[in-house]
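Inspection log for the structure reproduced underneath, given as structure tokens.
The values are calculated or read from the model by the stated rules, or taken from the named source; none is laboratory data. Everything numeric in this text was worked out from a predicted model, so none of it was measured. Using ideal geometry, Cβ is built from the backbone for each residue, glycine included, and neighbour counts are taken over all protein chains shown. Ligands, DNA and RNA are stripped out before the accessible areas are found, and what is left, the full protein with its side chains, is counted by its heavy atoms. Shrake-Rupley method; radii C 1.70, N 1.55, O 1.52, S 1.80 Å.
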Amino acid sequence: LAATAVSADLLTIPIHKVPDEEHHANLLSSHTPPRLTVMRSASAVATTGRKLIRGGTDHEENVVLHDLQNAQYYGTVSIGSPPQEFEMVFDTGSSDLWVPGPSCASNSDNCSSKSAYVKTASSSFSEVAAGSMSNFSIRYGSGDVSGKFGLDTVTVAEDYTVEGQTFALVDSTDGLGDVYENAAFDGILGLAFQALSQDPQANTFIANLQDQDGVDRAMFAFYLGDESDGELAIGGYNEDRMQNPNEINWVPLAMPAYWLIAMDQVKFGDTVITTGQTGGIMDTGTSLIYGPEEQVNSIIQSLEGAQLVPQLGLYKIPCDTDIPNLEFQIGGQPYNIPGDQLKITDKSDQVCFFGVAVMKFAASSEFDTLDEELEERVVDEIKNLAGEASSPVPTEFQHNTWLMGDSFLRQQYNVFDYDNSKFGLAELRDDLKEQ
């Protein structure tokens, strides 16, 4: 996978998309809504949070992203000396970097086809320092992904290199279930703030990249192609993808933890769902759109014949349903997801589902979320942190936050600015809107 120099200071990394038919088959395969256990201790908060980093750059680089079944976008990352290559999800909803270790395939059936990192094959690998966190564990819907932390050289886009990067060598991926076995990625590279890392003492990749002078600005940007390659730009943004680079709609983060912003209004067709400020987490590791139960129910009531399928956590709808546009007003400007992009069709083309689902925030120790395994971690972490003094989710957004996945992010060019704790939206170049 070749990186491309757009200008003297910017290199882009391409990412690719799997056809919709494959995505829908994977999304609609047997999946039951998980029940996630909430941990309340301060130590749990410290180890299960997400994290963002700082950023800023004159040197910029772009990474081509591959769209995994229209749900996850992935690209190539190298670890070690000599480099061992992995296909990684570039995930703005988490902060950790993990890849399968050599024992993963024998411990987890869904790991058997994945590339495994072998530490004895890398001359630059080192164990974590004495007294540092050594065990890695993150809970997904159906179980844990776990392993051991280590340090090694990590490279993206051929020449963006961080030495001594903390990452996890995973020996069990049971928590990802079938979605991982059927996916094209090996691991995850988190792009959220540092406070959310499983090891809050270890810098994330973007933070280290800036600290080691790999970039001047800890900034990156996503173009998520629909029926074409997408792109991740690191160290800045690619003006060639934008209709007008001088018209970026910058929105401050609610606080530098999640990529969480305040949204002004949500509309479904002509119906205003909410006019008060609502939270929106921008998450490239999430496929669909997930909202607060009351607000999603207001949308569902307008879809005649919509029925919840509990096994999938999705609403079945008549295939001839005329779905209105879903509009989010952000920074005073409207951003639409066309209604025809909110319909999921199975292989028979005779059974259809709605691409918006409920994200529940219950007060009890257990709660349901209607999300896939890769999205559940956001809900779990928000629930873990809600009500705590150290919560990265402001009080006004608890129980009042949408998870904005790829179906939203594909509609515009998205810029993530660590240094200034803000998120930018820009109109795509006209010819890219049709791709």
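So, with a 1.4 angstrom probe, what is the percent of accessible area on segment 191-337 that is carbon and sulfur? Here it works out to 39 percent.
Computed over protein heavy atoms with a 1.4 Å probe, the accessible surface of segment 214-310 works out to 37 Å² per residue. Within the shell of other residues whose beta carbon sits under 14 angstrom from the beta carbon of Ser124, the net charge comes to -2, with Lys and Arg scored +1 and Asp and Glu -1.
Mean separation of Cα pairs under 8 Å and 6 or more residues apart, divided by the residue count, gives segment 69-120 a relative contact order of 27 percent.
Hey, how much of the P(r) for segment 142-209 falls beyond 19 Å, as a percent of Cα pairs? Result for the distance tail: 40 percent.
A 1.4 Å probe, protein heavy atoms only, puts the accessible area of Leu288 near 10 Å². Look at the alpha carbon pairs under 8 Å that are at least 6 residues apart: their mean separation over the length of segment 165-256 gives a relative contact order of 18 percent.
Within the assembled protein chains, the solvent-accessible surface assigned to Ile299 is about 0 Å², based on a 1.4 Å probe. In this structure Glu294 has an accessible area near 150 Å², from a 1.4 Å probe over the protein heavy atoms. The Cα atoms of segment 73-153 give a gyration tensor whose axes a ≥ b ≥ c have a/c under 1.5, which makes the shape rounded.
Close amide H partners of Trp402, meaning residues 5 or more places away or on another chain with modelled amide H under 5 Å apart, are Gly279, Gly280, Ile281.
Which of the three applies to segment 123-250, rounded, prolate or oblate, going by the alpha-carbon gyration tensor with a ≥ b ≥ c and a/c under 1.5 meaning rounded? Oblate is the answer for segment 123-250, as a/c is 1.5 or above yet b/c matches or exceeds a/b.
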